[in-house]
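Step one of this worksheet: look at the structure below.
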Amino acid sequence: MMPEEWPIAAPAAGRSAPARAAGCERLDTVRADFFLPPAERLTEQERALMTAMLHCLIGDIAADLRAALPVGRAGANDDETSLVEALTRSGLLDEPELIALLLRRADEERIGSAARARSGRRGARALQALVSHQDAGVAAAAMGLILGQGRRRDRFGQCLLAFDDLPPDLASRLAAAVAAVMRHDVAVRGSAEDADAELGSAVAQLLHRHDADRSSDVLTARLLRALVAADALSDELLAAAAQEGEVAFLAGAIGLRAEIAPGIAIAELLSGEAGRLARLLRCASFSRDLAAAILASIGDLLGMDDPAAAIAEFDNLHADEVAAARNWLAASPHYRAAVDALSGRHG
């Protein structure tokens with residue numbers, strides 16, 4: 001079982017720590033880091049997981065670009081660390097969408113691993129069982145999702161973020177950024193003009209293969225639609241999914257029932273705020289028993305100190321409050337962001 005927190009200086013244990021810039025040279029960064037609220041900081045486990053996923057993603061993009069270059073034009077350097085360092089120094093990885101995806105994937109992994117560990121289950125049995133469902137559409141969609149989840153694991157079981165999981169605009173920017181870092185190595189084997197043409201062609205080929213229909217979110221949505229069509233999206237299935245920490249599946253089901261976007265549903269689910277969770281579950285017209293089962297299974301993993309408080313709020317919400325919450329969550333994200341900005345709220 002993974003430790004809850006990894007030691008900060010683990011790599012330097014037993015030997016002298018590497019030299020670091022001292023004093024005023026790091027003052028701006030240290031000030032920002034020093035005053036971050038502890039509850040909002042990344043844990044060492046989250047940082048390590050997000051870093052590993054980012055390195056693998058950049059490495060996969062670079063490998064695909066190298067494969068598309070003419071023979072002898074690609075560099076022999078397969079170390080994605082230098083690529084990530086170059087992209088980080090230039091600020092090209094400071095993409096809110098990318099960081100949000102990495103953080104969400106880390107949250108899903110943390111919650112799923114912890115929920116399955118304490119329930120004694122290995123793997124997503126609730127979803128795996130759907131592969132043998134009597135409805136062919138459900139069985140096919142379940143198989144697609146299970147295979148997709150398998151492709152998002154490396155040979156050691158480490159979770160990954162796939163290129164297909166990226167929105168098209170973000171995929172285009174990342175592919176172009178990686179190609180730009182590779183330009184020098186490609187140019188030394190020919191000319192800068194040839195490097196630009198060859199890397200441009202390689203990026204175009206990579207983006208042509210980008211398929212949003214293979215993204216984890218689309219595969220999950222496809223299974224949920226099949227379950228709805230077969231009248232098989234039962235409370236029992238949702239409770240079992242919650243017990244196994246399948247938060248993406250659960251959020252997708254909430255989005256369907258509440259008629260809000262899955263991205264909004266999972267943001268509310270991962271907020272860890274009792275009031276927001278209570279309103280979300282009421283918007284989805286979940287029964288009290290189902291809401292209680294969900295909160296009992298993963299309420300603490302979502303960050304709630306007292307899941308019972310969310311049930312109390314669930315019980316006390318009036319119909320007009322639920323309707324107002326549904327209207328707010330269903331509104332355009334740009335509208336909601338503008339309202340938050342004007343009112344001084346964030347998130």
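Please tell me the relative contact order of the chain in percent, rounded to the nearest whole number, where contacts are Cα pairs under 8 Å and at least six residues apart.
Details: 341 pairs, mean separation 55.2, N = 347.
Relative contact order of the chain: 16 percent.
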The stretch 297-347 shape via C-alpha gyration tensor axes, a/c threshold 1.5: oblate
Label-to-label distance, nm, for residues given as residue 185 and residue 234 (7 Å Cα→Cβ offset): 5.4
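When N is the residue count of the stretch 141-226, what does its C-alpha Rg come to as a fraction of 2.2 N^0.38 Å? Write out the running numbers ahead of the final one.
On the way: Rg = 16.6 Å, N = 86, 2.2 N^0.38 = 12.0 Å.
Relative to the 2.2 N^0.38 Å estimate, the stretch 141-226 comes out at 1.39.
With the Cα gyration tensor of the stretch 35-158 giving a ≥ b ≥ c as the square roots of its eigenvalues, does the rule (a/c under 1.5 for rounded; else a/b larger than b/c for prolate; else oblate) give rounded, prolate or oblate? Numbers along the way, then the final one.
Numbers: a/c = 2.63, a/b = 1.32, b/c = 1.99.
It comes out oblate by the Cα gyration axes.
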The stretch 157-260 - percent relative contact order, Cα under 8 Å, separation 6 or more: 27
Around residue 183: net Lys/Arg minus Asp/Glu count, Cβ-Cβ under 12 Å: -3
Distance cut-off 35 Å, percentage of C-alpha pairs in the chain lying past it: 33
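Mind ranking 33-40, 200-207 by how tightly packed they are, going by the mean number of other C-beta atoms within 10 angstrom, highest first?
Details: 33-40: 7.2, 200-207: 16.8.
Averaged packing, sorted descending, gives the order 200-207, 33-40.
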Expected 222 nm ellipticity per residue - DSSP helices of 4 or more, -39500 (n - 2.57), all of the chain, to 500: -20500 deg cm²/dmol
Shape category assigned to the stretch 113-159 from the gyration tensor of Cα positions, a/c cut at 1.5: oblate
Simple spin-label estimate for residue 340 and residue 207 in nanometres, 7 Å along Cα-Cβ: 2.9
Rounded accessible area per residue of the chain, 1.4 Å, Å²: 55
Gaussian network model of the chain, Cα within-10 Å springs - most flexible of 47, 31, 89: 31
Spacing of the two label points (7 Å from each Cα toward its C-beta) at residue 332 and residue 315, in nm: 4.1
Carbon/sulfur fraction of accessible area - the chain, other protein chains in place, 1.4 Å, %: 55
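Checking understanding here: applying a Kyte-Doolittle mean of at least 0.5 and a length along the axis of at least 24 Å (C-alpha), which whole DSSP H helices in the chain pass?
Membrane-span-like by this rule: 168-187.
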Most mobile listed residue (87, 27, 42) in the chain, GNM with C-alpha springs under 10 Å: 27
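What FRET efficiency do you get for residue 125 and residue 51 if R0 is 30 Å and r is their Cβ-Cβ distance, rounded to the nearest 0.05? Could you put the intermediate results ahead of the total?
Working: r = 30 Å, r/R0 = 1.01.
So the FRET efficiency works out to roughly 0.50.
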Long-range amide H partners of residue 260 with built H, under 5 Å: none
Candidates 284, 251, 337, ranked by Gaussian network fluctuation over the chain, Cα under 10 Å, top entry: 337
Length-normalised contact order of the stretch 245-347 in % [C-alpha pairs under 8 Å, at least 6 apart]: 26
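Rounded to two decimals, what is the ratio between the C-alpha radius of gyration of the stretch 181-251 and 2.2 N^0.38 Å?
Numbers: Rg = 22.1 Å, N = 71, 2.2 N^0.38 = 11.1 Å.
Taking the Cα Rg and dividing by 2.2 N^0.38 Å, one obtains 1.99.
The values are calculated or read from the model by the stated rules, or taken from the named source; none is laboratory data. Because the structure is a prediction, the values reported are computed rather than measured. Neighbour counts run over all protein chains shown; Cβ positions are idealised from the backbone, glycine included. Calculation scope for accessible area: heavy atoms of the full protein, side chains included, ligands and nucleic acids excluded. Shrake-Rupley method; radii C 1.70, N 1.55, O 1.52, S 1.80 Å.
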